[in-house]
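Q: First the structure, then my questions, so here it is.
The values are calculated or read from the model by the stated rules, or taken from the named source; none is laboratory data. In this text, all values refer to a predicted model and were calculated from it rather than measured experimentally. All Cβ positions, glycine included, derive from the backbone under ideal geometry; neighbour counts span all protein chains shown.
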Amino acid sequence: MDIFGLIPLFLFLLFIGGSAVRIVKEYERAVIFRLGKVMGKEKGPGIFFLIPFLDKMEKVDTRIITLDVPTQEAITQDNVTVRVNAVVYFRVIDPIAAVVQIENYRRATAQFAQTSLRNVIGQSSLDQILQDREAINEQLQLIIDEATEPWGIKVSIVEIKDVELNSQMIRAMAREAEAERERRAKVIHARGELEASKQLSEAADAINAAPGAMTLRYLQTLVDIGVENNTTTIFPIPIEMMRPFIDGVSGGGDASPSITLDQLKPLLAQIQSGEIKID
(Lines give C-alpha, C1' and ligand atoms only; values in the text may rest on other atoms or scores of the structure.)
Protein backbone atom coordinates (compact mmCIF):
# COMPACT_ATOMS: atom_id res chain seq x y z
CA MET A 1 0.00 0.00 0.00
CA ASP A 2 1.21 3.47 -0.80
CA ILE A 3 2.35 5.28 2.31
CA PHE A 4 0.73 8.47 1.12
CA GLY A 5 -2.60 6.69 1.10
CA LEU A 6 -2.27 5.96 4.81
CA ILE A 7 -1.88 9.61 5.76
CA PRO A 8 -5.61 10.45 5.58
CA LEU A 9 -6.41 7.34 7.61
CA PHE A 10 -3.81 8.29 10.17
CA LEU A 11 -5.18 11.80 10.46
CA PHE A 12 -8.70 10.46 10.82
CA LEU A 13 -7.69 8.11 13.64
CA LEU A 14 -5.77 10.93 15.34
CA PHE A 15 -8.81 13.17 15.20
CA ILE A 16 -11.06 10.44 16.55
CA GLY A 17 -8.62 9.65 19.36
CA GLY A 18 -8.15 13.29 20.26
CA SER A 19 -11.86 13.91 20.50
CA ALA A 20 -12.41 10.75 22.54
CA VAL A 21 -9.81 11.38 25.25
CA ARG A 22 -10.62 13.97 27.92
CA ILE A 23 -8.63 15.14 30.95
CA VAL A 24 -10.34 16.88 33.84
CA LYS A 25 -8.34 18.82 36.44
CA GLU A 26 -8.59 18.41 40.19
CA TYR A 27 -10.89 21.41 40.65
CA GLU A 28 -13.11 20.56 37.66
CA ARG A 29 -15.94 18.14 37.05
CA ALA A 30 -17.29 16.92 33.71
CA VAL A 31 -20.98 16.45 32.91
CA ILE A 32 -21.36 14.05 29.95
CA PHE A 33 -24.39 14.02 27.66
CA ARG A 34 -24.95 10.99 25.39
CA LEU A 35 -27.48 11.66 22.71
CA GLY A 36 -28.72 14.57 24.83
CA LYS A 37 -29.09 12.63 28.09
CA VAL A 38 -26.92 12.97 31.18
CA MET A 39 -24.78 9.89 31.67
CA GLY A 40 -24.76 9.03 35.37
CA LYS A 41 -22.74 11.21 37.74
CA GLU A 42 -20.19 13.85 36.89
CA LYS A 43 -16.72 12.66 35.88
CA GLY A 44 -13.32 13.64 37.16
CA PRO A 45 -10.74 14.40 38.06
CA GLY A 46 -8.49 12.38 35.76
CA ILE A 47 -8.67 10.96 32.23
CA PHE A 48 -11.65 9.30 30.57
CA PHE A 49 -12.91 8.51 27.05
CA LEU A 50 -15.91 9.73 25.08
CA ILE A 51 -17.67 8.11 22.17
CA PRO A 52 -17.07 10.38 19.18
CA PHE A 53 -20.17 12.02 17.67
CA LEU A 54 -22.35 10.59 20.46
CA ASP A 55 -21.01 12.14 23.67
CA LYS A 56 -20.77 15.81 24.58
CA MET A 57 -19.01 17.13 27.66
CA GLU A 58 -19.53 20.27 29.83
CA LYS A 59 -16.83 21.26 32.33
CA VAL A 60 -17.79 22.90 35.62
CA ASP A 61 -15.36 24.72 37.93
CA THR A 62 -15.95 23.70 41.57
CA ARG A 63 -13.64 26.30 43.16
CA ILE A 64 -15.00 29.19 45.22
CA ILE A 65 -16.00 32.01 42.91
CA THR A 66 -15.73 35.66 43.91
CA LEU A 67 -18.58 37.69 42.44
CA ASP A 68 -18.60 41.49 42.61
CA VAL A 69 -22.09 42.94 42.86
CA PRO A 70 -22.16 46.32 41.06
CA THR A 71 -23.14 49.46 42.95
CA GLN A 72 -26.88 49.57 43.53
CA GLU A 73 -28.91 52.68 44.36
CA ALA A 74 -31.66 52.05 46.90
CA ILE A 75 -33.89 53.92 49.35
CA THR A 76 -33.70 52.83 52.97
CA GLN A 77 -36.65 52.30 55.28
CA ASP A 78 -36.26 55.86 56.62
CA ASN A 79 -36.26 57.36 53.09
CA VAL A 80 -32.52 57.94 52.69
CA THR A 81 -30.97 57.35 49.26
CA VAL A 82 -27.81 55.28 49.43
CA ARG A 83 -25.48 53.57 46.97
CA VAL A 84 -24.13 50.19 48.06
CA ASN A 85 -22.08 47.41 46.53
CA ALA A 86 -21.21 43.95 47.77
CA VAL A 87 -19.20 40.82 47.10
CA VAL A 88 -20.55 37.24 47.03
CA TYR A 89 -18.51 34.07 47.58
CA PHE A 90 -20.09 30.87 46.23
CA ARG A 91 -19.16 27.50 44.72
CA VAL A 92 -20.80 24.73 42.71
CA ILE A 93 -21.63 21.69 44.82
CA ASP A 94 -23.81 19.91 42.24
CA PRO A 95 -22.27 20.23 38.74
CA ILE A 96 -25.17 18.42 37.02
CA ALA A 97 -27.76 20.81 38.49
CA ALA A 98 -25.55 23.81 37.62
CA VAL A 99 -25.56 22.70 33.98
CA VAL A 100 -29.08 21.33 33.64
CA GLN A 101 -31.17 23.56 35.88
CA ILE A 102 -29.83 26.98 34.83
CA GLU A 103 -28.42 28.32 31.58
CA ASN A 104 -25.64 30.44 33.13
CA TYR A 105 -25.33 30.00 36.88
CA ARG A 106 -22.79 32.82 37.30
CA ARG A 107 -24.94 35.42 35.59
CA ALA A 108 -28.08 34.18 37.34
CA THR A 109 -26.41 34.38 40.76
CA ALA A 110 -25.15 37.89 40.03
CA GLN A 111 -28.58 39.12 38.96
CA PHE A 112 -30.32 37.64 41.98
CA ALA A 113 -27.67 39.10 44.31
CA GLN A 114 -28.34 42.58 42.91
CA THR A 115 -32.09 42.39 43.44
CA SER A 116 -31.70 40.89 46.91
CA LEU A 117 -29.28 43.65 47.90
CA ARG A 118 -31.78 46.35 46.91
CA ASN A 119 -34.63 44.59 48.73
CA VAL A 120 -32.73 44.14 51.98
CA ILE A 121 -31.46 47.74 51.94
CA GLY A 122 -35.03 48.95 51.39
CA GLN A 123 -36.18 47.05 54.48
CA SER A 124 -33.40 48.44 56.72
CA SER A 125 -32.84 51.87 58.23
CA LEU A 126 -29.69 53.89 57.69
CA ASP A 127 -28.53 53.30 61.26
CA GLN A 128 -28.89 49.54 60.80
CA ILE A 129 -26.87 49.63 57.58
CA LEU A 130 -24.06 51.61 59.20
CA GLN A 131 -24.00 49.96 62.64
CA ASP A 132 -25.39 46.43 62.19
CA ARG A 133 -23.90 45.45 58.85
CA GLU A 134 -23.08 41.93 60.03
CA ALA A 135 -26.79 41.11 60.46
CA ILE A 136 -27.56 42.44 56.98
CA ASN A 137 -24.75 40.32 55.51
CA GLU A 138 -26.17 37.19 57.15
CA GLN A 139 -29.66 38.01 55.90
CA LEU A 140 -28.37 38.45 52.34
CA GLN A 141 -26.43 35.18 52.53
CA LEU A 142 -29.51 33.23 53.62
CA ILE A 143 -31.73 34.76 50.93
CA ILE A 144 -29.30 34.19 48.04
CA ASP A 145 -28.30 30.71 49.22
CA GLU A 146 -31.92 29.59 49.49
CA ALA A 147 -32.71 30.81 45.96
CA THR A 148 -29.61 29.28 44.32
CA GLU A 149 -29.76 25.92 46.10
CA PRO A 150 -31.84 24.25 43.30
CA TRP A 151 -29.08 25.28 40.86
CA GLY A 152 -26.45 23.34 42.81
CA ILE A 153 -24.90 26.56 44.19
CA LYS A 154 -23.75 27.08 47.77
CA VAL A 155 -23.37 30.73 48.85
CA SER A 156 -20.96 30.90 51.78
CA ILE A 157 -20.34 34.62 52.37
CA VAL A 158 -21.96 37.89 51.35
CA GLU A 159 -20.29 41.15 52.39
CA ILE A 160 -21.42 44.75 51.84
CA LYS A 161 -18.29 46.66 50.87
CA ASP A 162 -19.16 50.36 50.59
CA VAL A 163 -22.10 52.55 51.56
CA GLU A 164 -22.18 55.93 49.79
CA LEU A 165 -24.33 58.87 50.94
CA ASN A 166 -25.04 62.19 49.27
CA SER A 167 -23.29 65.33 50.49
CA GLN A 168 -26.36 66.76 52.25
CA MET A 169 -26.80 63.62 54.33
CA ILE A 170 -23.10 63.60 55.20
CA ARG A 171 -23.32 67.19 56.47
CA ALA A 172 -26.47 66.37 58.47
CA MET A 173 -24.75 63.39 60.08
CA ALA A 174 -21.73 65.56 60.91
CA ARG A 175 -23.98 68.11 62.63
CA GLU A 176 -25.72 65.33 64.52
CA ALA A 177 -22.38 63.89 65.68
CA GLU A 178 -21.18 67.34 66.76
CA ALA A 179 -24.37 67.94 68.75
CA GLU A 180 -23.99 64.54 70.40
CA ARG A 181 -20.40 65.34 71.41
CA GLU A 182 -21.49 68.69 72.87
CA ARG A 183 -24.26 66.97 74.82
CA ARG A 184 -21.81 64.48 76.27
CA ALA A 185 -19.37 67.27 77.18
CA LYS A 186 -22.10 69.18 79.02
CA VAL A 187 -23.21 66.07 80.88
CA ILE A 188 -19.63 65.30 81.93
CA HIS A 189 -19.12 68.94 83.03
CA ALA A 190 -22.36 68.89 85.04
CA ARG A 191 -21.33 65.65 86.76
CA GLY A 192 -17.97 67.20 87.63
CA GLU A 193 -19.67 70.28 89.08
CA LEU A 194 -21.96 68.05 91.14
CA GLU A 195 -19.06 66.05 92.55
CA ALA A 196 -17.09 69.24 93.25
CA SER A 197 -20.04 70.80 95.07
CA LYS A 198 -20.35 67.69 97.26
CA GLN A 199 -16.64 67.88 98.12
CA LEU A 200 -16.88 71.60 98.88
CA SER A 201 -19.91 71.00 101.09
CA GLU A 202 -18.03 68.37 103.08
CA ALA A 203 -15.01 70.69 103.36
CA ALA A 204 -17.23 73.54 104.60
CA ASP A 205 -18.75 71.28 107.23
CA ALA A 206 -15.27 70.23 108.38
CA ILE A 207 -14.11 73.87 108.60
CA ASN A 208 -17.20 74.89 110.55
CA ALA A 209 -16.57 72.07 112.99
CA ALA A 210 -13.10 73.46 113.85
CA PRO A 211 -13.11 77.09 115.22
CA GLY A 212 -9.62 77.96 114.01
CA ALA A 213 -9.86 76.26 110.64
CA MET A 214 -11.39 79.28 108.88
CA THR A 215 -8.61 81.60 110.14
CA LEU A 216 -5.93 79.15 109.01
CA ARG A 217 -7.57 78.87 105.62
CA TYR A 218 -7.77 82.65 105.40
CA LEU A 219 -4.06 83.03 106.17
CA GLN A 220 -3.17 80.24 103.75
CA THR A 221 -5.07 82.07 101.01
CA LEU A 222 -3.06 85.24 101.74
CA VAL A 223 0.17 83.26 101.40
CA ASP A 224 -0.98 81.76 98.09
CA ILE A 225 -1.91 85.10 96.51
CA GLY A 226 1.20 86.88 97.81
CA VAL A 227 3.87 84.69 96.24
CA GLU A 228 4.96 87.44 93.83
CA ASN A 229 7.23 90.23 95.12
CA ASN A 230 5.23 92.98 93.46
CA THR A 231 1.96 91.83 95.00
CA THR A 232 0.26 94.18 97.45
CA THR A 233 -2.31 92.61 99.70
CA ILE A 234 -4.96 94.71 101.42
CA PHE A 235 -7.13 93.01 103.97
CA PRO A 236 -9.14 94.25 106.97
CA ILE A 237 -8.09 93.48 110.53
CA PRO A 238 -10.78 91.49 112.31
CA ILE A 239 -12.38 93.59 115.01
CA GLU A 240 -11.93 90.72 117.45
CA MET A 241 -8.16 91.27 117.35
CA MET A 242 -8.52 94.92 118.38
CA ARG A 243 -11.40 94.45 120.82
CA PRO A 244 -9.22 94.07 124.00
CA PHE A 245 -7.20 97.21 123.14
CA ILE A 246 -10.33 99.24 122.39
CA ASP A 247 -11.92 98.11 125.61
CA GLY A 248 -8.79 99.01 127.59
CA VAL A 249 -8.49 102.51 126.10
CA SER A 250 -12.19 103.34 126.46
CA GLY A 251 -12.28 102.11 130.02
CA GLY A 252 -14.84 99.47 129.27
CA GLY A 253 -14.54 96.10 130.92
CA ASP A 254 -11.42 95.53 133.04
CA ALA A 255 -9.16 98.46 134.01
CA SER A 256 -6.08 96.86 132.48
CA PRO A 257 -6.07 96.08 128.75
CA SER A 258 -5.81 92.45 127.70
CA ILE A 259 -3.21 93.34 125.04
CA THR A 260 0.00 95.21 125.78
CA LEU A 261 1.84 97.74 123.64
CA ASP A 262 4.75 95.34 123.20
CA GLN A 263 2.35 92.80 121.69
CA LEU A 264 0.93 95.49 119.36
CA LYS A 265 4.31 96.81 118.13
CA PRO A 266 4.88 94.08 115.50
CA LEU A 267 1.45 94.73 114.03
CA LEU A 268 2.06 98.52 113.93
CA ALA A 269 5.46 97.97 112.30
CA GLN A 270 3.86 95.91 109.51
CA ILE A 271 1.28 98.66 108.95
CA GLN A 272 3.99 101.36 108.77
CA SER A 273 6.18 99.36 106.38
CA GLY A 274 3.23 98.88 104.04
CA GLU A 275 3.01 95.14 104.42
CA ILE A 276 -0.48 95.66 105.86
CA LYS A 277 -2.76 98.41 104.68
CA ILE A 278 -5.91 99.44 106.47
CA ASP A 279 -8.71 101.12 104.55
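Q: If you go through region 165-185 one residue at a time, how many are at pLDDT 80 or above and surrounded by 13 or more Cβ atoms within 10 Å (Cβ to Cβ)?
A: Total meeting the criteria: 1.
Q: Next question. Of the residues Ile153, Ile157, Ile136, Ile129, which single one is over 16 Å from Val82 (Cα atoms), crowded, with 16+ Cβ neighbours inside 10 Å and aliphatic (A, V, I, L, M)?
A: After applying the criteria, what remains is Ile153.
Q: Now, a different point. Of everything in region 81-99, what is loosely packed, with under 15 Cβ neighbours inside 10 Å and closer than 30 Å to Ala172 by Cβ? Give them in sequence order.
A: Scanning region 81-99 gives Thr81, Arg83, Val87.
Q: Which is surrounded by 15 or more Cβ atoms within 10 Å (Cβ to Cβ) and in contact (Cβ under 8 Å) with a residue 12 or more places away in the chain, of Ile102, Ile75?
A: Just a single option satisfies the conditions, and that option is Ile102.
Q: So how many residues does region 48-72 have that are farther than 30 Å from Val38 by Cα and loosely packed, with under 13 Cβ neighbours inside 10 Å?
A: Qualifying residue count for the region: 2.
Q: Among the residues of region 106-119, are any of a type in the set (Phe, Trp, Tyr) and not in a helix (DSSP H, G or I)?
A: Within region 106-119, none of the residues are of a type in the set (Phe, Trp, Tyr) and not in a helix (DSSP H, G or I).
Q: Same structure, new question: Within region 151-158, identify whether any single residue is part of a helix (DSSP H, G or I), at pLDDT 85 or above, in contact with a helix residue (DSSP H, G or I) (Cβ under 9 Å, 6 or more places away or on another chain) and under 30 Å from Tyr105 (Cα atoms), and answer yes or no.
A: For region 151-158, residues part of a helix (DSSP H, G or I), at pLDDT 85 or above, in contact with a helix residue (DSSP H, G or I) (Cβ under 9 Å, 6 or more places away or on another chain) and under 30 Å from Tyr105 (Cα atoms): present.
Q: Just name the residue that is nearest to Leu126 (Cα to Cα) out of those in region 140-150 that are of a type outside the set (D, E, K, R) and buried (at least 16 other Cβ atoms within 10 Å of the Cβ).
A: Checked region 140-150; the qualifying residue nearest to Leu126 (Cα to Cα) is Leu140.
Q: Oh, and also: Name the pairs: first residue in region 130-146 and over 14 Å from Val163 (Cβ atoms), second residue of a type in the set (Lys, Arg), Cβ to Cβ under 8 Å, at least 6 apart or on different chains?
A: Asp145/Lys154
Q: Shifting gears a bit: Is it the case that region 84-99 has a residue that's more than 19 Å from Ile157 (Cα to Cα) and within 24 Å of the chain's Cα centre (by Cα)?
A: no
Q: Just checking, which of Ala147, Ala98 is assigned to a helix (DSSP H, G or I), closer than 23 Å to Lys41 by Cα and in contact with a helix residue (DSSP H, G or I) (Cβ under 7 Å, 6 or more places away or on another chain)?
A: Going through Ala147, Ala98 in turn, the sole match is Ala98.
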